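The structure appears right after this line, and notes come after that.
The values are calculated or read from the model by the stated rules, or taken from the named source; none is laboratory data. Computed from a predicted structure; not experimentally measured. Cβ: placed from backbone, ideal geometry, glycine included. Neighbour counts: every protein chain shown.
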Amino acid sequence: MDQIFVGLDQILTVQNILLMIVGLIIGIVIGAIPGLNVPLAVALALPFTFKLAPLAGLSMLIGIYKGGTYGGSIAAILINVPGTPAAAATAMDGNALARQGKAGKALKLSIYASIFGELVSDIVLIVAASQIARIALTFGPPEFFALGLFALTIIGLISGAGLTRGLIAGALGILLSTVGLDPIEGEVRLAFGIYELTGGLKFIALIIGAFAISEALVQVEKSAARNVEFNVLEISKDPEDNRVSAADFKKVFPSMLRGTGLGVFIGAIPGIGAAIAAFLSYGVAKKFSNEPEKFGNGAIEGVAASESANNAVTGSTLIPLLTLGIPGDVITAIMLGALTVHGLIPGPTLFQEQGDFITALFIGMLIVTLLHFVIAMIGLPLFIRAVRVPRGVLFPLVIVLCVTGTMVATGSTFDVFVMLGFGVLGYVMVKFGFPIAPMLIGFILGPLVEVALRQSMIISDDSFTVFFTRPVAAVFMVLTCVVVVSVAWQRFKELNRP
Amino acid sequence: MTQGVRDVYSGGVLLVLSIALFFVIPGQVETTVSDTLTPAFVPTTITVLIAALSAVLLVQGLRSRAQETGGGNETITSGGLGYVAVTIGVIIAYAAAIPWLGYIPATAAVLLGLATLYGNRNWKQIVIIMVIAPPVIMVFFRYTMLVLLPEGKLFG
């Protein structure tokens with residue numbers, strides 16, 4: 001109890017609270033702008049933290065992290081342009097709801113689900129960090145391969161009636177991820193003699209191009225058809241369409257709970273990330289839903305599932321960092337830098353030697369979550385007002401921000417053209433009924449699955465039994481088989497329906 | 001165009017492309033002496049998978065050509081495609097022009113072009129966006145992201 005009071009005393013300073021608020025606002029704004037991602041914002045804020053006390057600096061970085069992870073959902077819902085990769089799953093139903101005039105409902109739901117995910121994730125970090133870290137440490141290449149393979153089954157779950165097109169899009173994403181240096185042997189693959197491609201296709205170019213530019217191209221085509229100026233979205237005049245009722249909350253709560261559990265689990269495993277957590281949660285929510293046909297057409301469970309999962313990652317990614325000193329992603333690697341600069345070495349000894357600091361940090365995370373809720377609710381009317389911005393203003397600005405964001409994030413004009421190429425590809429895919437999300441899933445999971453498969457083959461002397469003799473890997477392999485059989489059975493039933 | 005017809009077109013094109021890529025891959029992936037899975041393994045396997053799925057899509061499309069099977073109700077019009085092509089051209093010109101003209105003039109010009117393409121005829125609104133947005137974005141990147149956007153080679 002004394003430690004809690006000491007922690008409260010350390011964290012509850014005007015400077016810390018202000019830095020949390022500044023971090024959250026910067027995070028939300030940057031997360032909402034396509035092309036500007038959370039790692040970039042955290043990296044740029046790092047030098048400022050050197051002059052601050054470790055707690056103050058980390059409070060700001062955590063604010064940026066949490067705010068940015070949520071911020072991605074705003075543009076995803078309003079204009080179908082995910083600000084972050086994780087928000088791509090939110091866009092599928094969030095934007096469908098917005099197109100039905102329910103932007104207020106979708107935005108509110110994304111706030112509630114995000115805060116719920118963050119809060120539970122923070123509590124898990126505080127209560128069970130070391131236990132979860134021990135499980136996460138058992139993951140080797142076979143476990144990563146099995147988990148990656150299981151995550152790839154999301155493609156089958158989210159593709160619905162267009163299963164073949166979804167699978168092709170997913171395979172295309174994996175193929176595109178193989179461009180550039182081979183991750184094991186360093187050989188150049190599929191670069192076609194273009195020097196810039198030897199470094200691989202940039203993820204940022206894919207997400208901005210395939211989602212934002214393709215949407216901009218679809219919208220400009222609509223301009224030609226109507227030849228008049230009109231707003232992107234209209235807001236429904238029925239107040240029920242723009243609030244989250246108790247019935248809505250009851251309906252989405254199981255999805256939020258599952259999403260949060262998945263987010264916490266995925267976040268604790270180094271190297272997976274929020275996007276996979278969001279898509280996995282979305283797929284699971286659809287699988288368990290009584291109305292799976294509504295997914296992709298404005299299912300509120302879809303928004304809740306993806307948002308709770310991607311924000312639940314924010315607390316649990318700190319589990320391997322703080323307990324073992326292992327950064328799970330770029331953001332926690334930067335936070336590791338912020339800690340070590342101040343002479344704080346993460347690991348078991350940090351908990352023993354710096355107990356007050358850890359307590360204050362944990363309390364600080366809960367305060368950031370609380371402030372996040374307040375700031376997001378204050379900003380909500382502003383976000384909804386963005387819906388009323390005419391399309392002839394909004395999309396030119398979106399395109400300018402996409403080009404600028406890609407240029408800044410990659411430092412290369414070539415990648416702007418790659419982004420445009422992905423934009424054209426995304427546009428063609430939309431026109432021919434191919435879903436874009438599976439391509440993104442394939443692109444994210446491709447390298448993970450390939451590296452894990454090839455490493456597994458090396459350590460097991462080319463024996464595939466390694467995936468079934470290790471318990472965690474075996475569980476995921478069995479789950480993969482269950483999902484594949486279930487999707488195939490569902491498809492079979494659909495095809496044979498009279 | 002029904003989804004079935006689209007599936008026939010997309011399945012056919014993807015089948016041809018994936019078969020072509022299957023023969024191109026050996027020349028595009030540097031070979032190694034590795035005994036285990038080589039760098040060509042995943043690209044080759046995925047290409048074969050795409051070819052197989054494209055064949056399935058083609059057959060599905062041929063079977064259901066006469067009826068709409070869902071999965072997309074987007075229409076393609078020649079006028080619309082013209083707008084799309086012009087927009088792509090404008091974005092290419094914009095990206096190429098930034099280093100030469102500088103960020104502010106290039107962005108102002110592209111905003112004018114794009115706003116017109118998106119059907120905006122409110123000239124007062126367009127001028128306000130052209131004047132305000134580029135410097136605001138530039139200042140945001142300079143002071144928040146610590147990134148200097150190009151000022152243009154043509155103007156020294």
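When the range A:434-471 is filtered for residues that are more than 24 Å from the chain's Cα centre (by Cα) and assigned to a loop (DSSP other than H, G, I, E, B), the ones remaining, listed by number, are A:SER460, A:ASP461, A:ASP462, A:SER463, A:PHE464, A:THR465, A:ARG470.
Against the condition part of a loop (DSSP other than H, G, I, E, B) and either of a type in the set (S, T, N, Q) or closer than 24 Å to A:LEU46 by Cβ (or both), how does A:ILE319 come out, does it pass? It is false that A:ILE319 is part of a loop (DSSP other than H, G, I, E, B) and either of a type in the set (S, T, N, Q) or closer than 24 Å to A:LEU46 by Cβ (or both). Filtered by the rule that a residue be surrounded by 19 or more Cβ atoms within 10 Å (Cβ to Cβ), assigned to a helix (DSSP H, G or I) and not hydroxyl-bearing (Ser, Thr, Tyr), the range B:91-103 gives B:ILE91, B:ALA95, B:ALA97, B:ILE98, B:LEU101. Of the residues making up the range A:385-402, those that are touching a residue at least 40 places away in the same chain (Cβ under 8 Å) and crowded, with 20+ Cβ neighbours inside 10 Å are A:VAL387, A:ARG391, A:GLY392, A:LEU394, A:PHE395, A:VAL398, A:ILE399, A:LEU401, A:CYS402.
Helices (runs of 4 or more DSSP H) fully within the range A:113-227 that include at least 3 residues being away from chain B (no Cβ under 12 Å): A:141-152, A:154-159, A:203-207. Quick check on the range A:17-44: of everything there that is at pLDDT 80 or above and surrounded by fewer than 24 Cβ atoms within 10 Å (Cβ to Cβ), which residue is farthest from B:THR144 (Cα to Cα)? If we take residues in the range A:17-44 being at pLDDT 80 or above and surrounded by fewer than 24 Cβ atoms within 10 Å (Cβ to Cβ), then A:ILE17 is farthest from B:THR144 (Cα to Cα). Give just the number: which of (1) assigned to a helix (DSSP H, G or I); (2) modelled with pLDDT under 90 does A:PHE417 not satisfy? Of (1) assigned to a helix (DSSP H, G or I); (2) modelled with pLDDT under 90, only one is false for A:PHE417: (2). Just name the residue that is modelled with the lowest pLDDT out of those in the range A:329-347 that are under 20 Å from A:ILE132 (Cα atoms) and small (Gly, Ala, Ser). Out of the qualifying residues, it is A:GLY347.
Within the range A:1-54, the set of residues being more than 17 Å from A:PRO82 (Cα to Cα), among the small types (Gly, Ala, Ser) and within 14 Å of another protein chain (Cβ to nearest Cβ) comprises A:GLY23, A:ALA43, A:ALA45.
Scan the range A:132-142 and give yes if some residue there is buried (at least 24 other Cβ atoms within 10 Å of the Cβ), touching a helix residue (DSSP H, G or I) at 6+ places or on another chain (Cβ under 8 Å) and modelled with pLDDT of 90 or more, otherwise no. Yes: the range A:132-142 contains one or more residues that are buried (at least 24 other Cβ atoms within 10 Å of the Cβ), touching a helix residue (DSSP H, G or I) at 6+ places or on another chain (Cβ under 8 Å) and modelled with pLDDT of 90 or more.
What number of residues in the range B:109-129 are facing another protein chain (nearest Cβ under 10 Å), within 26 Å of A:TYR427 (Cβ to Cβ) and either in a helix (DSSP H, G or I) or in contact (Cβ under 8 Å) with a residue 12 or more places away in the chain (or both)? So the count comes out to 10. Restricting the first member to the range B:82-98 and to residues that are more than 7 Å from every other protein chain (Cβ to nearest Cβ), and the second to residues that are polar (S, T, N, Q) and surrounded by fewer than 22 Cβ atoms within 10 Å (Cβ to Cβ), the beta-carbon pairs closer than 8 Å and six or more apart or on different chains are B:ALA96/A:THR413; B:ILE98/A:THR413.
Please verify whether A:LYS251 is in a helix (DSSP H, G or I), in contact (Cβ under 8 Å) with a residue 60 or more places away in the chain and basic (Lys, Arg), treating the condition exactly as stated. No.
Select, from A:LYS237, A:LYS294, the only residue that is more than 30 Å from A:SER130 (Cα to Cα) and either at pLDDT 85 or above or buried (at least 24 other Cβ atoms within 10 Å of the Cβ) (or both).
Criteria check complete, one pass: A:LYS294.
Considering every residue within the range A:413-424, establish whether at least one is facing another protein chain (nearest Cβ under 7 Å), in contact with a helix residue (DSSP H, G or I) (Cβ under 6 Å, 6 or more places away or on another chain), farther than 23 Å from A:LEU167 by Cα and surrounded by 20 or more Cβ atoms within 10 Å (Cβ to Cβ). Within the range A:413-424, one or more residues are facing another protein chain (nearest Cβ under 7 Å), in contact with a helix residue (DSSP H, G or I) (Cβ under 6 Å, 6 or more places away or on another chain), farther than 23 Å from A:LEU167 by Cα and surrounded by 20 or more Cβ atoms within 10 Å (Cβ to Cβ).
I need a count of the residues in the range B:104-137 that are more than 22 Å from the chain's Cα centre (by Cα) and either surrounded by 17 or more Cβ atoms within 10 Å (Cβ to Cβ) or polar (S, T, N, Q) (or both).
Result for the range B:104-137: 12.
Looking at A:ILE326, is it more than 18 Å from A:GLY94 (Cβ to Cβ), in a helix (DSSP H, G or I) and at pLDDT below 90? So A:ILE326 does not fit the description; no. Looking across the range A:394-412, the residues that are facing chain B (nearest Cβ under 8 Å) and within 17 Å of B:PHE141 (Cα to Cα) come down to A:LEU397, A:ILE399, A:VAL400, A:LEU401, A:VAL403, A:THR404, A:MET407, A:VAL408. The listed residues are A:LEU350, A:LEU380, A:LEU394, and the only one of them that is part of a helix (DSSP H, G or I), in contact with a strand residue (DSSP E or B) (Cβ under 9 Å, 6 or more places away or on another chain) and at pLDDT below 90 turns out to be A:LEU394.
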